[in-house]
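The values are calculated or read from the model by the stated rules, or taken from the named source; none is laboratory data. This is a predicted model, so every value here is computed, not measured. Every residue, glycine among them, receives a Cβ derived from its backbone with ideal geometry; neighbour counts consider all protein chains shown. Protein only, heavy atoms only, side chains kept; ligands, DNA and RNA dropped before computing areas. Shrake-Rupley method; radii C 1.70, N 1.55, O 1.52, S 1.80 Å.
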Amino acid sequence: MYRFLLTPRWWGINVFVLLAIPFCVFMGSWQLGRFESRVEDHRSAGEQAAENKQEAARPLAELLPVDKATVGRQVTAAGRYGEQLLVPDRELDGKRGYYVLTLLHTDDGKALPVVRGWLPGDPGRAQAPAAPRGEVTVTGALQASEVPGENGVPSQGGLPTGQTAAISAASLVNLVSYDVYDAWVTLNKGDSGMKPVPVAAANDTGLDLKAFQNLGYTGEWFVFAGFVVFMWFRLLRREVEFVRDAELGLVPEGEADGVEGQPQERANA
């Protein structure tokens, strides 16, 4: 009755199933590993943030370029404040407001974006406190350049003069005529009465939409594996029932002739 399993058609079906199931299991396990890795990164980022608050500030040059190991570290830099920009549509404590971003010109010729604090409401240049004059030394948390459209960073364009949507060298290079560090600093204490901006986690270290997408893909791949097994048993059962009906003469002669691997005399028995 099961001789049809040796026919070319069923050899193809069996080979497909034997390849598809381990492939689906592998892909599901890989996606699950990606999710667990993001969970571990999220936990490590929280622990690292607590340690960073206790460590002594280090010179900016020692912590560049910014990566997962250096983001959030305490850094110090000296220079003179220059051009000031406003970063709209930023929330803090559930309220909508904006960051006050001032470029700090350092001795090496580059400017370091420094977020001096947060103010509520719509951005207004007249409301933003002016930056201190003369030589200053700033201390704060090192941050990686933002990516528009990710981690809550707005991606809108066409902002008024003096505003930028994202704090990144790629965005600022179009607004100023000098080199800018591919990093920024948020002050530990807000300047001129402004609220300090909290440290943001490094990219790909939070339990964001991407992390839960990985978890969803995990479930999908395992469902695919189960579906392949289900369809194989369903095809097998239907083929067995057809062969059995043919042996009992319950299938018309023309259809019985099409049963693979079954002699005509058995179909007519």
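Count, please, the residues in the range 94-129 that happen to be surrounded by fewer than 17 Cβ atoms within 10 Å (Cβ to Cβ) and either modelled with pLDDT of 90 or more or touching a Phe, Trp or Tyr at 6+ places or on another chain (Cβ under 9 Å) (or both).
Of the residues in the range 94-129, 9 are surrounded by fewer than 17 Cβ atoms within 10 Å (Cβ to Cβ) and either modelled with pLDDT of 90 or more or touching a Phe, Trp or Tyr at 6+ places or on another chain (Cβ under 9 Å) (or both).
Can you find a residue that is assigned to a loop (DSSP other than H, G, I, E, B) and within 30 Å of Ala211 (Cβ to Cβ) anywhere in the range 101-113?
no
Looking at the range 251-262, is at least one residue of a type in the set (S, T, N, Q) and modelled with pLDDT under 50?
Yes; the residues of the range 251-262 include at least one that is of a type in the set (S, T, N, Q) and modelled with pLDDT under 50.
Contact list please: Cβ distance under 7 Å, first residue in the range 100-111 and at positive phi and small (Gly, Ala, Ser), second residue assigned to a loop (DSSP other than H, G, I, E, B) and surrounded by fewer than 16 Cβ atoms within 10 Å (Cβ to Cβ), pairs at least six apart or on different chains.
Between residues of the range 100-111 that are at positive phi and small (Gly, Ala, Ser) and residues that are assigned to a loop (DSSP other than H, G, I, E, B) and surrounded by fewer than 16 Cβ atoms within 10 Å (Cβ to Cβ), the close pairs are Gly109/Asp179.
So the check is Cβ under 8 Å with 6+ separation or different chains; which pairs have a first residue in the range 168-190 that's touching a residue at least 60 places away in the same chain (Cβ under 8 Å) and a second one that's basic (Lys, Arg)?
Tyr178/Lys110; Asp179/Lys110; Val180/Lys110; Tyr181/Lys110; Leu187/Arg116; Gly190/Arg116
Can you work out which of the residues in the range 65-78 that are in a strand (DSSP E or B) and either surrounded by fewer than 20 Cβ atoms within 10 Å (Cβ to Cβ) or at pLDDT below 90 (or both) is farthest from the chain's Cα centre (by Cα)?
Ala78
Could you tell me which of the residues Ala57, Ala69 is touching a Ser or Thr at 6+ places or on another chain (Cβ under 9 Å) and among the hydrophobic types (A, V, I, L, M, F, W, C)?
Ala57
Can you find a residue that is farther than 19 Å from Val199 by Cβ, out of contact with any Phe, Trp or Tyr (no Cβ under 6 Å at 6 or more places or on another chain) and at pLDDT 90 or above anywhere in the range 136-159?
Yes, that holds for at least one residue.
Just wondering, is there one or more residues in the range 21-41 that are assigned to a helix (DSSP H, G or I), open to solvent by 50 Å² or more (accessible area, probe 1.4 Å), at pLDDT below 85 and over 30 Å from Val228 (Cβ atoms)?
Yes, there is a match, as at least one residue in the range 21-41 is assigned to a helix (DSSP H, G or I), open to solvent by 50 Å² or more (accessible area, probe 1.4 Å), at pLDDT below 85 and over 30 Å from Val228 (Cβ atoms).
If you check Glu62, Glu83, which single one turns out to be outside any helix (DSSP H, G or I), open to solvent by 30 Å² or more (accessible area, probe 1.4 Å), at pLDDT 90 or above and within 27 Å of Thr137 (Cα to Cα)?
Glu83
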